[in-house]
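So the structure is just underneath, and the comments pick up after that.
The values are calculated or read from the model by the stated rules, or taken from the named source; none is laboratory data. Bear in mind the structure is a predicted one, so any value in this text is a computation, not a measurement. All Cβ positions, even for glycine, are placed from backbone atoms using ideal geometry, and neighbour counts span all protein chains on display.
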Amino acid sequence: MIYTAGWIVTQDAARSVVENGALRVEGALVSEVGPAAEVLARHPGEPVRELGEAAILPGLVDAHTHVPMSAMRGAADDKALFAWLNEDVFPREARWEPRLLRAAARLSFAEMVRTGCTAFYDMYMLQENVFAAADEAGLRGVVGENVVRFFPQLGGATRDALFGRIRDNAAAWRGHPRLRGAVAPHAVYTTDPDTLRACRDLADEVGWQFGMHMSETRKETADCLAERGARPIPYCDSLGILRGDTSLFHCVDVDDADLAILRERGCVAVHNPASNMKLASGAAPVERLLGAGVPVALGTDGPASNNAQDMVREMWLAALLGKLASGDPTAVCAQTALDMATRHGASAIHDPLAGSLEPGKHADFFALDLRGPGMQPVHNVVSNAVYAATGLENRLTVVDGRELYRDGEWLSLDIGEVLAGARELREWAR
Ligand SMILES: [Zn+2]
């Protein structure tokens with residue numbers, strides 16, 4: 001299939017934008033990107049989808065979320081993190097049924113597919129349900145199983161039981177073309193050194209990635225200093241758990257010594273501007289992280305603390321918050337925000353074939369409709385994608401060459417069933 005559009009934003013090393021371009025897909029991969037006239041002349045008679053006044057971009061990567069928490073979207077807002085968790089989240093989570101958790105994951109995936117997201121990094125419990133929903137939705141992703149030090153917990157009466165489930169999931173989903181797993185200890189304040197080391201060993205044993213919440217608030221740093229005698233990042237580094245397969249969510253309160261460790265170990269930081277603003281956690285030092293050579297991806301965080309799973313909206317917030325927090329209007333420019341959602345997102349999910357549209361890369365992309373008044377004129381298509389778009393301009397989402405959404409229709413998920421599930425989740429959350 002050949003897709004033609006007014007603009008193709010490749011996100012290659014030179015950040016090339018091809019005007020009047022074509023993207024040729026062979027199977028699950030991109031085979032050619034170039035001027036439409038040339039690509040079409042080389043392949044006469046091939047099927048063509050003409051998108052016209054639209055911009056094709058690499059699929060956005062939501063590098064930190066908790067997709068089943070869509071069930072609690074809007075159930076409790078405007079509270080401090082720990083009060084919200086203890087009063088609103090944990091009591092509901094104790095009542096999860098696998099069928100409903102899967103329905104909640106499906107709801108988030110329907111929103112992601114709608115708004116141009118093609119890959120995600122999730123962290124939650126009972127993750128066989130998220131694997132199944134993601135497989136059904138057709139998305140690419142890393143499915144992280146949450147571990148805390150308290151047992152019984154959802155998914156395991158004891159650590160052995162939980163780790164047994166993780167081993168079973170690793171065996172069941174090994175070799176999937178799009179989905180991989182992660183062992184995801186929740187945070188330094190919900191684990192202990194032994195749990196963190198055991199999680200690292202388990203990730204190495206089953207060949208999964210490793211991810212955790214890190215340095216989200218100044219309180220987390222102060223508590224870690226008091227309890228463990230070090231800031232969260234040096235503490236985790238002293239346990240030997242930070243490696244090149246590690247993605248760290250938030251990284252709001254990081255100092256220069258923390259940055260040096262992240263760079264040295266090859267970790268990826270994941271910025272969550274909406275969640276950090278909503279919970280008044282602070283602003284991650286995006287430019288300082290990038291300047292230190294640490295990739296910074298972008299995530300929505302869960303739909304109960306955002307409250308959307310819309311990565312176009314998140315790029316906009318990342319660019320604006322970067323300026324407000326630094327007092328520098330040149331900080332986190334539109335191109336940087338797009339890089340975070342694409343190229344650095346590929347780093348966060350540790351998939352070198354994601355994040356740009358070049359021959360041999362995944363055919364993962366979306367297409368913003370530029371015909372609306374809010375998207376005109378097009379002086380700079382990256383500017384319009386970051387500063388003007390809402391996500392709802394998207395008219396096509398493709399993963400591995402398969403169309404998942406097109407012009408108002410969900411092609412992998414049954415949207416009627418997804419919305420019926422949402423009504424059931426409303427009853428469950430009461
Ligand atoms: Zn989170």
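Do we find that GLY116 is crowded, with 24+ Cβ neighbours inside 10 Å and on the phi > 0 side of the Ramachandran plot in this structure?
yes
Which residue is farthest from the chain's Cα centre (by Cα), if the candidates are limited to region 211-225 and must be more than 15 Å from the ligand (Cβ to nearest atom) and of a type outside the set (Asp, Glu)?
So the residue we want is LEU225.
May I ask you to verify whether ALA308 is over 23 Å from THR190 (Cα atoms), touching a residue at least 60 places away in the same chain (Cβ under 8 Å), assigned to a strand (DSSP E or B) and within 16 Å of the ligand (Cβ to nearest atom)?
Spelling it out, it is not the case that ALA308 is over 23 Å from THR190 (Cα atoms), touching a residue at least 60 places away in the same chain (Cβ under 8 Å), assigned to a strand (DSSP E or B) and within 16 Å of the ligand (Cβ to nearest atom).
For region 72-113, give me each residue that is of a type in the set (Lys, Arg) and farther than 15 Å from GLU427 by Cα.
LYS79, ARG102, ARG106, listed by residue number.
Looking only at residues that are in a helix (DSSP H, G or I) and either among the charged types (D, E, K, R) or on the phi > 0 side of the Ramachandran plot (or both) in region 171-209, which one is farthest from the chain's Cα centre (by Cα)?
Selected residue: ASP194.
Kindly provide the set of residues from region 259-295 that are part of a helix (DSSP H, G or I), surrounded by fewer than 17 Cβ atoms within 10 Å (Cβ to Cβ) and among the hydrophobic types (A, V, I, L, M, F, W, C), ordered by number.
Matches in region 259-295: ALA260 only.
Scan region 240-258 and report the pairs whose first residue is assigned by TED's automatic domain parsing to the domain that holds SER305 and whose second residue is among the hydroxyl-bearing types (Ser, Thr, Tyr) and more than 16 Å from the ligand (Cβ to nearest atom), with Cβ atoms within less than 7 Å and a gap of 6+ or a chain change.
ASP253/THR221
Confirm whether ALA103 is within 16 Å of the ligand (Cβ to nearest atom) and out of contact with any Pro (no Cβ under 7 Å at 6 or more places or on another chain).
no
Would region 60-70 turn up any residue that is surrounded by 24 or more Cβ atoms within 10 Å (Cβ to Cβ), more than 16 Å from the ligand (Cβ to nearest atom) and in contact (Cβ under 8 Å) with a residue 24 or more places away in the chain?
yes
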